[in-house]
Each structure stands twice: as C-alpha cells, then as structure tokens.
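A short write-up of the structure that comes next.
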Amino acid sequence: MNEVPVNEPITIANEFAEVLVDRVQTRNGVRLRVRAPRSGREILLCPLELEALTRQDHDLFSRLLEDG
C-alpha cells in the first residue's frame, strides 16, 4: 500500500523507547502511522482503532509490555 505523508513526523522518545508519529493518506483514508526505528516496525491506525485506544486503561499497556 502506498502511503503519502500528510505532515512531518513527530518524534516521541525517552530513555527506553523512540517512536515517530505522522499522518498518512492511504487508499482507505487518513491513518496515523507509528514507527519504531530501533525495531524497524510500524503500524497504521485508523480513527476507529485510535478511538478504541482511548477506552483502555494503563493496566492494558502494562500487561502488553510484560508480554513483549
């Protein structure tokens, strides 16, 4: 899938991780692209997926980090 950046990436980092976040236009609409340069991984999230994240609490993310 070809993604066209809509804006410049924003870097968010601390001593444990670094991610780049930007909006991209895809065939299926605008997505938020989250990239982890160290691992070379990325994910495109649609508005519905992003909204679902807002319904989670920090315990979910703590459990995800334990499994990682």
On a 0 to 90° scale, report how tilted helix 58-67 is relative to the longest principal axis of the chain, with both axes built from alpha carbons and the result rounded to the nearest 10. 80
From the phi angles alone, apply the Karplus equation (6.51, -1.76, 1.60; θ = phi - 60°) to the stretch 22-38 and give each ³J(HN,Hα) in whole Hz, x where the residue is Gly or Pro. 8, 8, 10, 9, 10, 4, 9, x, 6, 10, 9, 9, 10, 10, 10, x, 5
Can you compute 3J(HN,Hα) from phi for each residue in the stretch 11-20, using the Karplus curve 6.51 cos²θ - 1.76 cosθ + 1.60 with θ = phi - 60°, rounded to whole Hz and x for Gly and Pro? 9, 10, 8, 9, 6, 9, 7, 9, 9, 10
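Can you give the accessible area per residue of the chain, in Å², using a 1.4 Å probe?
Ligands and nucleic acids excluded, the figure is 82 Å² per residue.
List the relative contact order of the stretch 1-50 as a percent without decimals, with contacts defined as Cα pairs under 8 Å and 6+ residues apart.
Working: 86 pairs, mean separation 13.5, N = 50.
The normalised contact order for the stretch 1-50 reaches 27 percent.
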Charged-residue dipole, Cβ positions (Lys, Arg, Asp, Glu), the chain about Cα centre, Debye nearest 20: 320
Filter the trypsin sites (Lys or Arg not before Pro) in the chain down to the DSSP loop ones having no more than 15 other Cβ atoms within 10 Å, then list what survives. Arg27, Arg38, Arg55
Just the Cα atoms of the chain, one point each, no solvent: what log10 I(q)/I(0) does Debye give at q = 0.21 Å⁻¹? -1.05
Counting other Cβ atoms within 10 Å, which GluC sites (Glu not before Pro) in the chain have at most 16 and lie in a DSSP loop? Glu3, Glu15
What are the ³J(HN,Hα) values, in whole Hz, obtained from phi via the Karplus relation 6.51 cos²θ - 1.76 cosθ + 1.60 with θ = phi - 60°, for each residue of the stretch 39-45 in sequence order, with x given for Gly and Pro? 8, x, 9, 8, 9, 9, 10
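Leaving out ligands, DNA and RNA, what percent of the accessible area of the chain is carbon and sulfur, probe 1.4 Å?
Numbers: 3020 of 5590 Å².
After summing per-atom areas, the C and S share lands at 54 percent.
The values are calculated or read from the model by the stated rules, or taken from the named source; none is laboratory data. Predicted model, so just to flag it, every value in this text is computed and none were measured. Glycine also receives a Cβ, built like all others from the backbone with ideal geometry; neighbour counts cover every protein chain displayed. Side chains included, ligands, DNA and RNA excluded: accessible areas come from the protein's heavy atoms. Shrake-Rupley method; radii C 1.70, N 1.55, O 1.52, S 1.80 Å.
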